[in-house]
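Presented below is the structure to which this report refers.
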Amino acid sequence: QVQVVESGGGLVQAGESLRLSCTTSGLTFGDYNMGWFRQAPGKEREGVTCINWRGDSTYYADSVKGRFTISRDNAKKTLYLQMNSLKPEDTAMYYCAADLGVSGCQYTKYTSWGQGTQVTVSS
């Protein structure tokens, strides 16, 4: 069975940084497209950033472009999200997801999900 586990969330002040990690097991990680998604209370889940299986194609939501960086280590079967210059509007539950056949960064396309890690950015 596929397992996806996020970590690294927490409470930070605006302007600070966090790095999220997503560890996986039960899958051939290098075959999967991966993504980071987030959902704030009362809002729709949105694609934050996604990366293809080779790591040579990425997508970023306009709201995080220039501040967030997605990366993957296929040897470690781990996905990362470096978040800099955090803003209060970045506050959300952040989810890691994987899929074999996805192109793009729409959450409805991804099939394997982690439980989420909470990121809270205070003013």
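The values are calculated or read from the model by the stated rules, or taken from the named source; none is laboratory data. This one's a predicted model, so the numbers in the text were calculated from it and none came from an experiment. Methodologically, a virtual Cβ is constructed for each residue, glycine included, from the backbone with ideal geometry; neighbour enumeration extends over all protein chains shown. Calculation scope for accessible area: heavy atoms of the full protein, side chains included, ligands and nucleic acids excluded. Shrake-Rupley method; radii C 1.70, N 1.55, O 1.52, S 1.80 Å.
In terms of its C-alpha gyration tensor, segment 49-107 has a prolate overall shape, because the principal axis ratio a/c (a ≥ b ≥ c, square roots of the eigenvalues) is not below 1.5 and a/b outweighs b/c.
About its Cα centre, what dipole magnitude does the chain give when the only charges are +1 on Lys and Arg Cβ and -1 on Asp and Glu Cβ, stated in debye to the nearest 20?
100 debye
Debye sum, Cα scatterers, segment 9-123, no solvent: what log₁₀ I/I(0) at q = 0.14, 0.21 1/Å? Taken in order of the listed q values, log10 I(q)/I(0) reads -0.51, -1.14.
At 1.4 Å probe size, with every protein chain present, just tell me what the per residue accessible area of segment 11-123 comes to in Å². It would help to have the intermediate numbers written out before the result.
Working: 5640 Å² over 113 residues.
That works out to 50 Å² per residue.
With the charge dipole of segment 31-123 set up from +1 on Lys and Arg Cβ and -1 on Asp and Glu Cβ about the Cα centre, the Cα lying farthest toward the positive end among the listed residues THR111, SER71, GLY101 is that of SER71.
A simple spin-label model places pseudo-atoms 7 Å from Cα toward Cβ; at GLN3 and THR108 they are separated by 3.2 nm.
Among the trypsin sites (Lys or Arg not before Pro) found in segment 34-82, those both in a DSSP coil and sparsely packed, with 14 or fewer other Cβ atoms within 10 Å of their Cβ, are LYS43, ARG54, LYS65, LYS76. At each listed q (0.15, 0.21, 0.35 Å⁻¹), what is the log10 of I(q)/I(0) that the Debye formula gives for segment 14-56 modelled as equal alpha-carbon point scatterers? For segment 14-56 at q = 0.15, 0.21, 0.35 Å⁻¹, log10 I(q)/I(0) is -0.54, -0.90, -1.18. Note on LYS76 and GLN115: the model spin-label points, each 7 Å out from Cα along the C-beta direction, lie 2.2 nm apart. When the accessible area of the chain is computed with all protein chains present and a 1.4 Å probe, what percentage of it is carbon and sulfur? Ligands and nucleic acids excluded, carbon and sulfur reach 45 percent. Relative to the compact-globule estimate of 2.2 N^0.38 Å, the Cα radius of gyration of segment 78-123 comes out at 1.33.
With contacts taken as Cα pairs under 8 Å at a separation of at least 6 residues, the chain carries a relative contact order of 36 percent.
Of the GluC sites (Glu not before Pro) in segment 1-90, the ones in a loop by DSSP (not H, G, I, E or B) with at most 15 other beta carbons within 10 Å are GLU16, GLU44.
What FRET efficiency comes out for the pair LEU27/ALA61, r = Cβ-Cβ distance, R0 = 25 Å, nearest 0.05? Kindly include the intermediate steps, with their values, before the conclusion.
Details: r = 25 Å, r/R0 = 1.00.
Working from the Cβ atoms, E equals 0.50.
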